[in-house]
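The values are calculated or read from the model by the stated rules, or taken from the named source; none is laboratory data. Note that the structure is predicted; figures quoted are calculated from it, not measured. Here the Cβ is made from the backbone with ideal geometry for all residues, glycine too, and neighbour counts use every protein chain on show. These area figures cover heavy atoms from the full protein model, side chains too; ligands, DNA and RNA do not enter into them. Shrake-Rupley method; radii C 1.70, N 1.55, O 1.52, S 1.80 Å.
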Amino acid sequence: MNSCSGRRPRIMASSLSLPQNTITDILSRLPVKSLTRFKLVSKNWAHLTSTPAFIAAHLRRSSSDPSLLIRRYRIQNGSEFGFWLITNPTRKFRSQLLDFPSDESLLRLPKIVGSVDGLVCLDVSPCYASDFVLWNPGTKQFKHLPFPLITSSKSNPIWLVFLGFGFDSFNNDYKLVRIVSFKRNDASPFLRVEVYSWREGVWKEIEESFDSTLLCGVPEGVVVDGSLNWLAIGLQDFADRKFVISFDMGREVFKRIALPAVTRFGNVKVMSYMGLLAIAVYPLVFAANGINMNRFEFWVQSDGEDGSKHWTRMVAIENFSKTLVPMGTWRDREVVIKHIGVNDRENYPSLLLYDPVDEGTKRLPVDGVDFCVEGYSYVESLVSVNEEAKMVVEQKHSRN
């Protein structure tokens, strides 16, 4: 009778059931937006996709193909800022404007400190890098962090602040590092360093510091194999040299890394390449001493046969234009280069991808008149901005 009634026969749910492992595997391959919708469809799926094991499995998959997170704003006054994602699923680049939280404090030209495991750390302070937010663009969660311990005063004003955000695999913790420089009467600054622990939810000041060098360049540190790294210039006996100051997030200690001699004559950008510390050296826009290089060089630090570290030059390009500025790496293997327009026909910046191995170049779909652009690696995840997700971190990194 049912076959002639015109009704669709009811299929028992059990006949369509799949093994739990299969369901988990399928769902872990989906984007966060789809998983958020599925939570409204099924209570079972809502529970499954909220477990630490599933969030960790989803993060491991998404980490294999990161996107490029672009911060763009108008150069003259910082208005019309926005965050864009560039994805590359089929080698045809696509860009997407991200929905940004409408919290009033986030509308003051937020600066990206770092992007790790789907968590983006933002500096939302007007000065002195003193107000921070953790933001997950995928889940749209955000959280204001406690204010730092080290502050500025009339008697002891802050001079410079350098920051870094990364993952400490030794302690399974995300950490925000704040290096505060106070100017003294002599040439060397007085430094104080504090670290925010995501697991503990508090700031602590550490005694560790470094001397005979002055941090310079981009204030945000670059994550390389469990360390945060900043460019520095030497002082006193090292006045004619450049270094990388590296902070081990697990042991919470600094070390100084000498750079190749060629860095004395050009700009230097610190970056990560294939899990190794790397630098790009490129022409200065203005050379105070009249000595300038006209080429681009890409160097990588690796282990020698005797276990010591040494620098190897991978690429040297002669007659490199001053309008090309290296910004970092995407997928840890392609250099992101910003092209700065210098004439009426090209009065806007654009982004290029450069592969140091095959020396191929591709243009990315982000440009705009009078806009400044900055790029960071980003992976989509379900990781919470709160410490409650620490079990997720432990499971994700214990299986790497």
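Where residues in the stretch 39-56 are without any contact (Cβ under 8 Å) to a residue 60 or more places away in the chain, assigned to a helix (DSSP H, G or I) and not aromatic (Phe, Trp, Tyr), which of them is nearest to Gly138 (Cα to Cα)? The qualifying residue nearest to Gly138 (Cα to Cα) is Lys39.
In the set Phe162, Phe182, Phe210, only one residue is in contact (Cβ under 8 Å) with a residue 12 or more places away in the chain and within 20 Å of the chain's Cα centre (by Cα); that residue is Phe162. For residues in the stretch 7-29 being in a helix (DSSP H, G or I) and within 30 Å of Ser64 (Cα to Cα), which is modelled with the lowest pLDDT? My answer is Gln20.
Rundown of residues vs (1) open to solvent by 40 Å² or more (accessible area, probe 1.4 Å); (2) at pLDDT 95 or above; (3) farther than 24 Å from Trp198 by Cβ, yes/no style:
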{"site": "Ile75", "(1), (2), (3)": "yes, no, yes"}
{"site": "Ser95", "(1), (2), (3)": "yes, no, yes"}
{"site": "Asp99", "(1), (2), (3)": "yes, no, no"}
{"site": "Lys111", "(1), (2), (3)": "yes, no, no"}
{"site": "Gly138", "(1), (2), (3)": "no, no, no"}
{"site": "Lys143", "(1), (2), (3)": "yes, no, no"}
{"site": "Leu149", "(1), (2), (3)": "yes, yes, no"}
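Looking across Val300, Val335, one residue alone is closer than 25 Å to Thr87 by Cβ and at pLDDT 90 or above. It is Val335.
Among the residues of the stretch 315-332, those identified as at pLDDT 85 or above and surrounded by 13 or more Cβ atoms within 10 Å (Cβ to Cβ) are Val315, Ala316, Ile317, Val325, Pro326, Met327, Gly328, Thr329, Trp330, Arg331, Asp332.
Do you know which residues across the stretch 226-266 are assigned to a loop (DSSP other than H, G, I, E, B) and at positive phi? Across the stretch 226-266, the qualifying residues are Gly226, Glu252. Screening the stretch 232-256 for residues that are open to solvent by less than 20 Å² (accessible area, probe 1.4 Å) and without any contact (Cβ under 8 Å) to a residue 60 or more places away in the chain and picking the one that is nearest to Val335 (Cα to Cα) gives Val244. Note on the stretch 191-225: among residues that are assigned to a strand (DSSP E or B) and open to solvent by 50 Å² or more (accessible area, probe 1.4 Å), the one that is nearest to Met327 (Cα to Cα) is Val223.
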